[in-house]
Amino acid sequence: MEQIYAARAGDPKVLRVRRLKKPTFEDDQVLIKVAATTVNKLDLSRRKDGINVFGLECSGEILEIGKLVTRWKLKDKVCALLRDGGGYAGMVAVSMYFVIPAPAGIPLEHAAALPTAGTIIWQSFFIMNRLRKGQRVLIHGANGGVGSLAIQVAKYYGCEVFITAGSQEKLEFCKNLGADTCIDDSRDDFEDHLVKVLNGEGVDFILDCSGEKYVGLNLNIVAYGGRLVIIGFQDQEHATVDLDTSILANKKAEVMGVNVRTSTVGDIRLLMKKLEEYLWPAIDGLQIKPQICASFKFSEAAMAHTRMEDNNNLGKILLIPDEANLS
């Protein structure tokens, strides 16, 4: 099988493709022939550090099943969350609990864009919180894979959506997905903009992948009893932030963090079940669609990482095995 690896720590040019034997798998796992995987920020940081564990999600077809697996059968079309990575390969072994059917309403390759974004959003909106119709939701960096899906989910559940993004093209992209108010944070002060639009009332819920950059401003515009959920720190895995706890206390607001990769097997199993039960019908009905920015072959992995690092992506970037031949 094919596998993308980093010959050394460095820029995208260090990515190579090699051939490996078929992976082994445990009794509670399935072996998936990968139709597509995606490029995520963590893949970029791991490549820079020379860590050869890429690919946090995939879609594909089940090739083999372990002795304890009962739900799945050979040739089932599925998508999977890969908590430990491994998606940058022609085949990957994964726990049966981290696999759900690929939505029938979209191409199989596009289903690879759903597990990571979907679990982050569901945990943020509905497991840790109770997002309700009519609430005001602010999404930072909304043009990416998580943000573009979050816009659609929030609108599907009847929320008013505000977003920030860094160019007119990104704003138009988010507007077309249903965002009600779009703010260019490369030019405008989003805090001042929102204060004017909302007459000082604030937003009920903030989904933020920038972390360190906007924490203080987020606390200023979160509503009384509101929630700020941090799902990332731009291009780094770790960051130190200063919190004005008096604002939190006065507003009875909460700051939360989400990292699905550190969740327990039971938590991930529940998240995948909820996606299939509540989100998949909307995707099958094309009310919600994963947004695909571009697709690259495994042999073009360097180009895919460069595209991601340029920070101009509108939705997810896919990687497709060169030898993929799934129908």
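For region 251-263, the count of residues that are at pLDDT 95 or above, hydroxyl-bearing (Ser, Thr, Tyr) and either surrounded by fewer than 18 Cβ atoms within 10 Å (Cβ to Cβ) or part of a strand (DSSP E or B) (or both) is zero. Of all residues in region 91-107, those satisfying the criterion of being in contact with a Gly (Cβ under 9 Å, 6 or more places away or on another chain) and under 25 Å from Asp43 (Cα atoms) are Met91, Val92, Ala93, Val94, Met96, Tyr97, Ala102. Glu169 satisfies every condition listed in (1) in a loop (DSSP other than H, G, I, E, B); (2) more than 21 Å from Arg227 (Cβ to Cβ); (3) of a type in the set (Asp, Glu) except (1).
Given the structure, is Ser148 out of contact with any strand residue (DSSP E or B) (no Cβ under 6 Å at 6 or more places or on another chain), within 28 Å of Lys213 (Cα to Cα) and surrounded by 24 or more Cβ atoms within 10 Å (Cβ to Cβ)? Before the answer, list the steps.
On the way: out of contact with any strand residue (DSSP E or B) (no Cβ under 6 Å at 6 or more places or on another chain): yes; within 28 Å of Lys213 (Cα to Cα): yes; surrounded by 24 or more Cβ atoms within 10 Å (Cβ to Cβ): yes.
So Ser148 passes the test.
Of the residues making up region 1-57, those that are over 20 Å from Ser295 (Cβ atoms), of a type in the set (Val, Ile, Thr) and touching a Gly at 6+ places or on another chain (Cβ under 7 Å) number 2. Taken as a whole, region 57-70 holds at least one residue that is among the acidic types (Asp, Glu), modelled with pLDDT of 95 or more and over 18 Å from Ala113 (Cα atoms). If the condition is being in contact with a strand residue (DSSP E or B) (Cβ under 9 Å, 6 or more places away or on another chain) and surrounded by fewer than 16 Cβ atoms within 10 Å (Cβ to Cβ), then region 69-83 contributes Arg71, Lys73, Leu74, Lys75.
Being farther than 18 Å from Met272 by Cβ and modelled with pLDDT of 95 or more is the filter; apply it to region 106-130 and report the residue that is nearest to the chain's Cα centre (by Cα).
So in region 106-130, the residues farther than 18 Å from Met272 by Cβ come out as 107, 109, 129-130.
Narrowing further to those that are modelled with pLDDT of 95 or more: 107, 109.
Values: Pro107: 18, Glu109: 15 Å.
Among those that are farther than 18 Å from Met272 by Cβ and modelled with pLDDT of 95 or more, it is Glu109.
Here Phe25 does not fit the description of being of a type outside the set (Lys, Arg), touching a Phe, Trp or Tyr at 6+ places or on another chain (Cβ under 9 Å) and in a loop (DSSP other than H, G, I, E, B).
Here is the figure for region 139-164: residues that are more than 15 Å from Ile206 (Cβ to Cβ) and not in a helix (DSSP H, G or I) total 4.
The values are calculated or read from the model by the stated rules, or taken from the named source; none is laboratory data. Computed from a prediction, not measured in an experiment: that's the story for all the values here. Every residue, glycine among them, receives a Cβ derived from its backbone with ideal geometry; neighbour counts consider all protein chains shown.
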